[in-house]
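One structure is given below, encoded as structure tokens.
The values are calculated or read from the model by the stated rules, or taken from the named source; none is laboratory data. Nothing here was measured: the structure is a model prediction, and the numbers come from that model. Cβ atoms come from the backbone with ideal geometry, glycine included; neighbour counts cover every protein chain shown. Heads up: the accessible areas ignore ligands, DNA and RNA and are worked out on the full protein's heavy atoms, side chains in. Shrake-Rupley method; radii C 1.70, N 1.55, O 1.52, S 1.80 Å.
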Amino acid sequence: MRLIEAWLGEPERTYELFGKFAADENGFENPAAGMGRNDFTAYVRGLKDEANGVGLPAGWVPATKYILVNDGGEYVGIINLRHELNDALRTGAGHIGYGIAPEWRGRGYATEGLRLVLLKARDEFGIREAYLSVRKDNPASLAVQRHLGACIDHESEDHYFTRIDTSAIVS
């Protein structure tokens, strides 16, 4: 299993993968939901700038969108890694958001994808403690996080906010 930056994915397969997610599915946000091919192509080109911190809207931080590719070469999920936190992210979405395409759920891909992105967070961006959020009505995602050592830091009416020590993640 591996992660590739979204802008390096095969265009048709990347478009198909992003099309499998609603704009907001269990807290995973997909700004490309419903986009036509031309708009999507421009969106993906912009993801490289977003990762490099170029032209970010006010209040945004650099972030990399990855495609999770299984051992058979199939595109199974999308993972977003914010390279740093601002005040809004410290009390909200956190460092990482992830989604697995419906037909691939329940096979351990979310756990492996999160493990891989936690390694990138630690090794490439120096994130020693990853902060994540999960909706309370999404126990599967909370289980994924806990499997990788997440502890619930605090909660709101509808979310748990977790922390994962990236030094404990095994390569």
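Values for this structure:
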| item | result |
| --- | --- |
| Over the chain: helical MRE at 222 nm, DSSP H runs n ≥ 4 each giving -39500 (n - 2.57), nearest 500 | -9500 deg cm²/dmol |
| Choice from Ala140, Ala130, Ala93 showing the highest fluctuation, given a GNM over the chain with Cα pairs closer than 10 Å | Ala140 |
| Lys pairs, the chain - Cα-Cα below 20 angstrom, 8 or more residues apart or on other chains | 4 |
| Sites Ala33 and Thr91 - FRET efficiency at Förster radius 22 Å, r taken between beta-carbons, to 0.05 | 0.30 |
| Residue-count net charge about His95 - beta-carbon cut-off 12 Å; Lys, Arg +1, Asp, Glu -1 | +4 |
| Alpha-carbon Rg with Dmax, taken over region 11-68, Å | 11.7, 31 |
| In degrees, nearest ten, helix 109-125 long axis to first principal axis of the chain (Cα) | 80 degrees |
| Under Karplus coefficients 6.51, -1.76 and 1.60, residue-wise ³J(HN,Hα) of region 154-171 in Hz, glycine/proline x | 6, 8, 10, 4, 10, 9, 9, 10, 10, 9, 10, 6, 5, 5, 8, 7, 8, 5 |
| Computed over the chain, Kirkwood Rh from alpha-carbon pairs, angstrom | 16.2 Å |
| ³J(HN,Hα) computed for each position of region 12-28 - Karplus, 6.51 cos²θ - 1.76 cosθ + 1.60, integer Hz, glycine/proline x | 5, 5, 5, 4, 4, 4, 4, x, 7, 10, 6, 4, 9, 10, 6, x, 7 |
| Stretch gain in nm, segment Glu25-Leu119, where the contour uses 0.36 nm per residue and the Cα spacing is subtracted | 31.4 nm |
| Accessible solvent surface per residue of the chain, calculated while the other protein chains remain in place, 1.4 angstrom probe, Å² | 51 Å² |
| Extended-chain gain in nm, criterion 0.36 nm per residue less alpha-carbon gap, Glu84 and Thr41 | 12.9 nm |
| Using alpha-carbon coordinates, inclination of helix 37-51 to the longest axis of the chain, degrees | 50 degrees |
| Amide H contacts of Glu129 (H built 1.01 Å from N, under 5 Å, at least 5 apart or other chain) | Thr166 |
| Within the accessible area of region 1-156 (1.4 Å probe), percent carbon and sulfur | 49 percent |
| Those chymotrypsin sites (Phe, Trp or Tyr not before Pro) in region 17-91 that DSSP places in a loop and that have at most 15 other beta carbons within 10 Å | Trp60 |
| Overall dimensions of region 41-123 by Cα: Rg and Dmax, Å | 13.6, 40 |
| Label-zone membership for region 97-127, site Cys151, 7 angstrom Cα→C-beta point, backbone N under 20 Å | 115, 118-119, 122, 127 |
| Trypsin sites (Lys or Arg not before Pro) restricted to DSSP loop in region 114-151 with at most 11 other C-beta within 10 Å | Arg128 |
| 12 Å cut-off, amide nitrogen to a point 7 angstrom out along Ser167 Cα→Cβ, residues in region 128-149 | 128-129 |
| Cleavage-rule hits, GluC sites (Glu not before Pro), region 1-106, DSSP coil, Cβ neighbours within 10 Å at most 15 | Glu74, Glu84 |
| Average Cα contact separation per residue, the chain, under 8 Å, 6 or more apart, as relative contact order % | 18 percent |
| The chain: most fluctuating residue of Pro31, Pro102, Pro57 per GNM, C-alpha cutoff 10 Å | Pro57 |
